[in-house]
Amino acid sequence: MADDNREGGLEAPTRHAIEWKTTSFYDQDDLNTELERVFDICHGCRRCVSLCNAFPTLFDLVDESSTMEVDGVDKADFHKVVDQCYLCDLCYMTKCPYVPPHEWNVDFPHLMLRGKAVHYKKKGASLRDSVLTSTDAVGKLASIPVVAEVVNTTNKLRPARKLMQSAIGVHAEAPLPKFHSATLRKRNAKRTVVTTFDERIGLFVTCYGNRNAPAMVEDLIAVFEHNGVGVEIVSNEQCCGMPKMELGDLDAVEKLKEANIPRLLDLTAQGLRITAPIPSCVLMYRQELPLLFPDDEQVGAVGRAFTDPFEFLMARHREGRLKTEFKTPLGKVAYHAPCHQRVQNIGLKTRDMLELVPNTEVEVVERCSGHDGTYAVKAENYDFAQKICRPVVKRIADAKVDYYVSDCPMAGDMIEHGMGDASVASSAFTLLRQAYGI
Ligand code: SF4
Ligand code: SF4
């Protein structure tokens, strides 16, 4: 018989559904009891101290309490820990020996999610946090032609950024995304998928891909189509819901889910897989929505259809269906694997594909960049985020590479900001398009 108090588990980790529709989920006393139980386990373990600022915040609270145990921490301070978690999932997926099916049943990120949801239900969100997580509304406004120019120019002006910091708490130094009025959807409005491709895939463009990085998405499309995969852009999609989930606004996540799932089902009904250029959005469909809506068959079907773009391309490579005639070597490339890609447990498929290019050496950096959606741009978190990103920046700077890329363009921006030189983060789609010469 298994010893359930053993150090670590032997079975594969499982994840329980998030029971956010039950009344006890939102019960503050019930939540505090669970927070105290898990915090006590973490206090005795401390493996995750270097992952993010949530754990140092917890351990400082414990060490500075009268008892130097979790029972000495004021429960009102528990939220300080919750607030520092950006749901990257790394502690659960890469460190914790006590995840289910272990009897201790520690799912730190989903407990933090519950803490955020309870806090949001009681107190709502600040104007800044509402704006930062309303990617569709902000993006629509900021990509109106004249507005986009004004936003992009204002974001570079120091006095304006200082004003923004004091008015709404967006740090004056934090890298903010550029908005494009010629969005990916506008650029591709008249696009039809050529029927001669041997396979088709659905593309969830994502808010960021549409309005902040349309050229990167075009590079993705070019690489897929060069390899015989026709790309069907999902019609009228809305945000995947990850930013609202990070805020704890689960009702908003449900509304976005209801808007997107029928459109995605149109594609799965045709037997298509679906991909997205941002790992967080793929993770949202693959893992988080099925755990939030475990009885929703349609969510399950869409989740099973989602795939990482390089996972998909490397599967074709295994079947001998990927083109490997490259015209331009890439030299030395640093590849940053972002947290939301790593926790999909698919291996380093982006690295594998870049390494198919002759005379290309890839240095892998598997550490959090600290960007994590909206975390790094908040005035109170900026310094923590920079600290988290520093080892990534150092590795890349020391490696003296020709290019550096991250699967997450926001992580790329964060690294570029940390580099502080004239270098620019690229994308693996862009480099592969260049290597193919297409
Ligand atoms: S999910 Fe990520 S940010 Fe949250 S506690 Fe775990 S490692 Fe830290
Ligand atoms: S989440 Fe798990 S590994 Fe990390 S400190 Fe807590 S108990 Fe230890």
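The values are calculated or read from the model by the stated rules, or taken from the named source; none is laboratory data. All figures in this text were calculated on a predicted structure; none of them were measured in a lab. With ideal geometry, Cβ positions are generated from the backbone for all residues, glycine too; neighbour counts draw on all protein chains shown. Heads up: the accessible areas ignore ligands, DNA and RNA and are worked out on the full protein's heavy atoms, side chains in. Shrake-Rupley method; radii C 1.70, N 1.55, O 1.52, S 1.80 Å.
A few points about this structure:
- Here Val138 passes the criteria (1) open to solvent by 10 Å² or more (accessible area, probe 1.4 Å); (2) touching a residue at least 12 places away in the same chain (Cβ under 8 Å) except the one numbered (2).
- Ala54 being without any contact (Cβ under 8 Å) to a residue 60 or more places away in the chain and surrounded by fewer than 19 Cβ atoms within 10 Å (Cβ to Cβ): no
- Among (1) part of a helix (DSSP H, G or I); (2) β-branched (Val, Ile, Thr); (3) over 27 Å from Lys255 (Cβ atoms); (4) away from ligand 2 (no atom under 11 Å from the Cβ) - the single one Thr67 does not satisfy: (1)
- Selection from the stretch 25-37 of residues that are in a helix (DSSP H, G or I) and either within 17 Å of Asp249 (Cα to Cα) or in contact with a Ser or Thr (Cβ under 8 Å, 6 or more places away or on another chain) (or both): Phe25, Tyr26, Gln28, Asp30, Leu31
Yes/no per residue for (1) within 11 Å of ligand 2 (Cβ to nearest atom); (2) without any contact (Cβ under 8 Å) to a residue 12 or more places away in the chain; (3) hydroxyl-bearing (Ser, Thr, Tyr):
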residue: His43; (1), (2), (3): yes, no, no
residue: Asp71; (1), (2), (3): no, no, no
residue: Asp77; (1), (2), (3): no, no, no
residue: Thr94; (1), (2), (3): yes, no, yes
residue: Val99; (1), (2), (3): yes, no, no
residue: Gly124; (1), (2), (3): no, yes, no
residue: Arg128; (1), (2), (3): no, no, no
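- Residue within the stretch 3-19 that is under 29 Å from Cys281 (Cβ atoms), in contact (Cβ under 8 Å) with a residue 24 or more places away in the chain, of a type in the set (Ser, Thr, Tyr) and surrounded by 14 or more Cβ atoms within 10 Å (Cβ to Cβ) present: no
- Output for the stretch 68-109, where each listed residue is within 13 Å of Arg15 (Cβ to Cβ) and either in the same structural domain as Ile388 (by TED's automatic domain parsing) or open to solvent by 20 Å² or more (accessible area, probe 1.4 Å) (or both): Met93, Cys96, Pro101, Asn105, Asp107
- Matching option when the condition is touching an Asp or Glu at 6+ places or on another chain (Cβ under 6 Å) and either among the hydroxyl-bearing types (Ser, Thr, Tyr) or at pLDDT 90 or above (or both), among Tyr86, Tyr98: Tyr86
- Exclusive hit being of a type in the set (Gly, Ala, Ser) and open to solvent by less than 50 Å² (accessible area, probe 1.4 Å), set Ala172, Ala167: Ala172
- Every residue from the stretch 32-51 that is away from ligand 1 (no atom under 16 Å from the Cβ), of a type outside the set (D, E, K, R) and open to solvent by less than 60 Å² (accessible area, probe 1.4 Å): Asn32
- Those residues of the stretch 45-62 which are near ligand 2 (Cβ under 8 Å from one of its atoms) and in contact with a helix residue (DSSP H, G or I) (Cβ under 7 Å, 6 or more places away or on another chain), in sequence order: Arg46, Arg47, Cys48, Val49, Leu51, Phe55
- Residue selection: His371 satisfies the criterion of being free of Cβ contacts under 8 Å to residues at least 60 places away in the same chain and of a type outside the set (Lys, Arg).
- Looking only at residues of the stretch 249-283 that are part of a helix (DSSP H, G or I) and of a type in the set (Gly, Ala, Ser), we find that the one that is surrounded by the fewest Cβ atoms within 10 Å (Cβ to Cβ) is Ala259.
- Taken together, Arg318, Arg304, Arg367, Arg286 contain a single residue that is open to solvent by 10 Å² or more (accessible area, probe 1.4 Å), of a type outside the set (S, T, N, Q) and modelled with pLDDT under 95, which is Arg367.
- Test: residue in the stretch 374-386 that is without any contact (Cβ under 8 Å) to a residue 40 or more places away in the chain, under 30 Å from Gly169 (Cα atoms), outside any loop (DSSP other than H, G, I, E, B) and open to solvent by 40 Å² or more (accessible area, probe 1.4 Å): yes
- Candidate set from the stretch 83-110 (those that are assigned to a loop (DSSP other than H, G, I, E, B) and within 6 Å of ligand 1 (Cβ to nearest atom)); member that is nearest to Tyr375 (Cα to Cα): Tyr86
- Residue match in the stretch 123-137 (condition: modelled with pLDDT of 90 or more and either more than 16 Å from ligand 1 (Cβ to nearest atom) or outside any loop (DSSP other than H, G, I, E, B) (or both)): yes
- Taken across the stretch 346-354, residues that are among the charged types (D, E, K, R), part of a loop (DSSP other than H, G, I, E, B) and open to solvent by 40 Å² or more (accessible area, probe 1.4 Å) do not occur at all.
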